[in-house]
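What follows is one structure encoded as structure tokens, with my remarks underneath.
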Amino acid sequence: MIVYENVTHIYNRGLPNQQIALDDVNLRFEDGEFVGIIGRTGSGKSTLVQHMNGLLKPTTGRILMDGKDVSIKGLGINFNVGIVLQNPEDQIFEQTVFKEIAFGPQNMKLDSGEIKRRVAMAMDFVGLPKDILETSPFDLSGGQKRRIAIASVIAMQPRVLVLDEPTSGLDSAGKKNILQRIYEHHKKEKTTVVLVSHNMEEVAQYVERVVVLEKAKVTMEGKVDEIFEKPNELRKIGLDIPRISVAFLKLKELGYDVKNVHTLKQAKTEFFRLKKTLQER
Amino acid sequence: MQGRKKQNMIELKNVHFSYESATKDTKLALNRINLKISCGEFVAVVGANGSGKSTLAKHLNGLLIPTSGDVLVLGANTKCEEDSIFIKKNVGMVFQNPDNQLVFTIVEEDVAFALENLGVPQQEMRERVEKTLSQLNILEYKNASNAELSGGQKQLVAIAGVLVINPKFIVLDESTAMLDPQSRDDVMCILKKLNSELGIAVVLITHFMEEAALAERIIVMNEGKVELDDSPRQVFKKLELLESIGLSVPQVTKFCHELNLLGENLPLGIVDENECAIELAKILKGPRR
Ligand SMILES: Nc1ncnc2c1ncn2[C@@H]1O[C@H](COP(=O)(O)OP(=O)(O)OP(=O)(O)O)[C@@H](O)[C@H]1O
Ligand SMILES: Nc1ncnc2c1ncn2[C@@H]1O[C@H](COP(=O)(O)OP(=O)(O)O)[C@@H](O)[C@H]1O
Ligand SMILES: [Mg+2]
Ligand SMILES: [Mg+2]
């Protein structure tokens, strides 16, 4: 379990460009949960998640993992929590794709056979072809770099997987396949997953609980279906509901007695329920 | 530039491109591209990762030069060194991460930067910057520091930095990818306005099918080639093809398609939530017996 206790983070403290990025945040992430974090750009999402393994340290307050303060443990060398940063360029520095993905497992002092196995597994996980192992990651397209960044964290098989807008820049198939793999991995290994996303459709489909950040504060928290029941509140703070939910709200405006839906699956069930009721009349 | 015919489009003729790399067998990033993009158009470009979109974009303003074939911008060949300023003035580029594009801390300075490079006099520069900022509804941030802005606002500042040189074309490479839904809408609204009111052609590279659906025309790239080039409605009718090349369709299009597979009778290629609701209502009102 990870607990945020009164966490405040101030960038450039005391300078004219001082910025309060987190303001007295209290949160709890249970083991094995799949949590989504949403909020406008600049609301503090990336700052929040980078505290999870001590990449950033709180200005005041503390973060506890299983009761222990994570900032005391030393700089970021925490193999339990793997973070895929928002900008893949911040994470990529090796000369070949193999070295890049092997970097984490090497630091974990795994043997070379296991490292190779992990790299192959991670490449497959993110849908990268094996023939680019010796290519420089800098010679790849934007979406391919993103996949490398995800693979290098997956290769460490962390207990807590933190993904900061992992699907931005991925093509449709990449988005779907990688999230599906992460979801299955989470179910099977009971991995805790924290997903920062601007994509309401994917939040609705994979996440159990949602945390909404607004101007450095947590302003809403709840089960995914509860959060998407509040389109007006979400829109007021620059967010939205999934497109299929929008279509069903319109159908409601047209006078049909439909329930709110947030995924394609719910939409299909609801459509056929409604059709049946209307026909029975 | 002398003697060239005046044309109102960007034309790609038989363009091939490969990133020379010693380690790789020369894979073509662009393979025989023939395209015309006219002034005033609003075009979306979609395609799987690595399909050649960014490579294509960089050919439109001479950042990359074809390995073979030609790119003509308003008649000027990107191969001609002496036309490069003319081309850069007419085709502006905006990238994914505004932080990489903004050089100065103050909004006004940043927008003025391009003009300074072109040697525009101070007074005119100030006027053009103000005009551009007000066109994008961000004049109030003129003296703000970029760090105070939200991601969406920063992206608008990056667009302002391009718009201020009065280009005929603006090319945006995943410029909305990092934005929240509201900021994404704001940027799209502004692009629509620039297109309809000022006649600026927009070439929008995106992985959001909902966003591509707002263009007049969609170019679908696949392995360095143009796979489809048609209106959103026609393109999104081809769900199976799109899925087979790593793409998809807007969520409501997908929903209607799935209902059709389950025996309902909805028109193909619905891309808009409103239209989707109306069509669903038609079915619910009464089955077409
Ligand atoms: N600097 C480079 N050096 C060598 N090869 C490159 C370079 N940049 C891109 N490539 C390769 O060229 C091909 C096309 O890449 P491009 O960046 O145009 O794709 P894209 O469609 O923009 O992809 P994405 O959706 O991931 O941004 C890919 O095979 C890619 O690996
Ligand atoms: N390295 C940094 N230095 C100074 N300010 C920063 C830095 N990173 C983020 N900020 C500021 O902190 C706030 C929250 O940013 P961030 O956590 O990146 O938000 P989000 O991920 O929700 O877009 C913003 O006002 C941003 O400008
Ligand atoms: Mg962020
Ligand atoms: Mg690209």
Compute the long axis of helix A:97-107 from its Cα atoms, compare it with the longest principal axis of the Cα atoms of chain A, and write down the angle in degrees, 0 to 90, nearest 10.
-> 80
Amide H proximity to residue A:36 below 5 Å, modelled H, separation 5+ or other chain, gives A:195, A:208, A:209, A:210, A:211
Solvent-accessible area buried by pairing A with B, both sides, nearest 100 square angstrom, 1.4 angstrom probe = 3700
What's the carbon and sulfur percent of the range A:242-281's accessible surface, probe 1.4 angstrom, rounded to a whole number?
-> 52
Output the peptides B:40-52, A:104-116, A:259-271 sorted from most to least packed, where packing is the average of other Cβ atoms within 10 Å over each peptide's residues.
-> B:40-52, A:259-271, A:104-116
Return, for the Cα atoms of chain B, the radius of gyration and Dmax in Å, separated by a comma.
-> 20.8, 72
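Enter the mean number of other protein chain beta carbons within 10 Å of the beta carbon of each residue in B:266-274, as an integer.
Partner Cβ neighbours, averaged per residue: 2.
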Candidate cut points under trypsin sites (Lys or Arg not before Pro) in the range B:127-198, DSSP loop plus at most 16 other Cβ atoms within 10 Å of their own Cβ, are B:142
Among beta bridges assigned by DSSP with both residues in chain A, the antiparallel ones amount in percent, to the nearest 5, to 55
Among residues of the range B:44-74, a drop of 40 Å² or more in 1.4 Å probe accessible area, assembly relative to the chain on its own, occurs for B:49
For chain A, what is the accessible area per residue in Å² when the probe is 1.4 Å?
-> 46
What GluC sites (Glu not before Pro) in the range B:207-243 are in a loop by DSSP, with at most 13 other Cβ atoms within 10 Å of the Cβ?
-> B:216
Hey, got the average number of other protein chain Cβ atoms within 10 angstrom for residues in B:202-214?
-> 1
Span from the the range A:207-278 Cα centroid across to the the range A:1-59 one, whole angstrom = 27
Just the accessible area for residue B:86, please: 1.4 Å probe, Å², rounded to the nearest 10?
-> 50
Heavy-atom accessible area of residue A:254, protein chains in place, probe 1.4 angstrom, given in Å² to nearest 10, is 90
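With each run of n ≥ 4 DSSP H residues scored as -39500 (n - 2.57), what mean residue ellipticity at 222 nm is computed for chain B after dividing by its residue count and rounding to the nearest 500 deg cm²/dmol?
Value at 222 nm, helices only: -11500 deg cm²/dmol.
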Over the alpha carbons of the range A:114-181, what is the largest minus smallest coordinate on each principal axis, giving the biggest first in Å?
-> 31, 28, 17
Sorting B:80, B:189, B:276 by accessible area (1.4 Å probe), largest first, what list results?
-> B:189, B:80, B:276
Accessible surface of chain B [probe 1.4 Å, protein heavy atoms]: carbon and sulfur percent | 49
Heavy-atom accessible area per residue of the range B:250-289, all protein chains kept, 1.4 Å probe, expressed in Å², is 47
Excluding residues on the same chain fewer than 8 positions from residue A:116, give the lysines whose Cα lies under 19 Å from its Cα.
-> A:99, A:130
For the range A:242-281, using Cα atoms only, the Rg and Dmax in Å read 9.8, 31
Quick one: compute a quarter of the convex hull surface over the Cα atoms of the protein assembly as shown and quote it in nm².
-> 28.9
For the range B:234-251, take each phi angle, set θ = phi - 60°, evaluate the Karplus expression 6.51 cos²θ - 1.76 cosθ + 1.60, and give the result in whole Hz per residue in order, putting x for glycine and proline.
-> 5, 5, 6, 5, 8, 4, 4, 4, 4, 5, 6, 10, x, 10, 8, 10, x, 4
Any chance you could look up the accessible area of residue B:185 with a 1.4 Å probe, heavy atoms only, rounded to 10 Å²?
-> 80
With each label point set 7 Å from Cα along the Cα-Cβ vector, what nm distance links residue B:244 and residue A:187?
-> 2.9
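The values are calculated or read from the model by the stated rules, or taken from the named source; none is laboratory data. The shown structure was predicted, so the numbers you read here are calculated from the model rather than taken from an experiment. Counting neighbours? That spans all protein chains shown, and the Cβs are built from the backbone with ideal geometry, glycine included. For the accessible areas, the whole protein counts, side chains as well, though only heavy atoms, and no ligand, DNA or RNA atoms are used. Shrake-Rupley method; radii C 1.70, N 1.55, O 1.52, S 1.80 Å.
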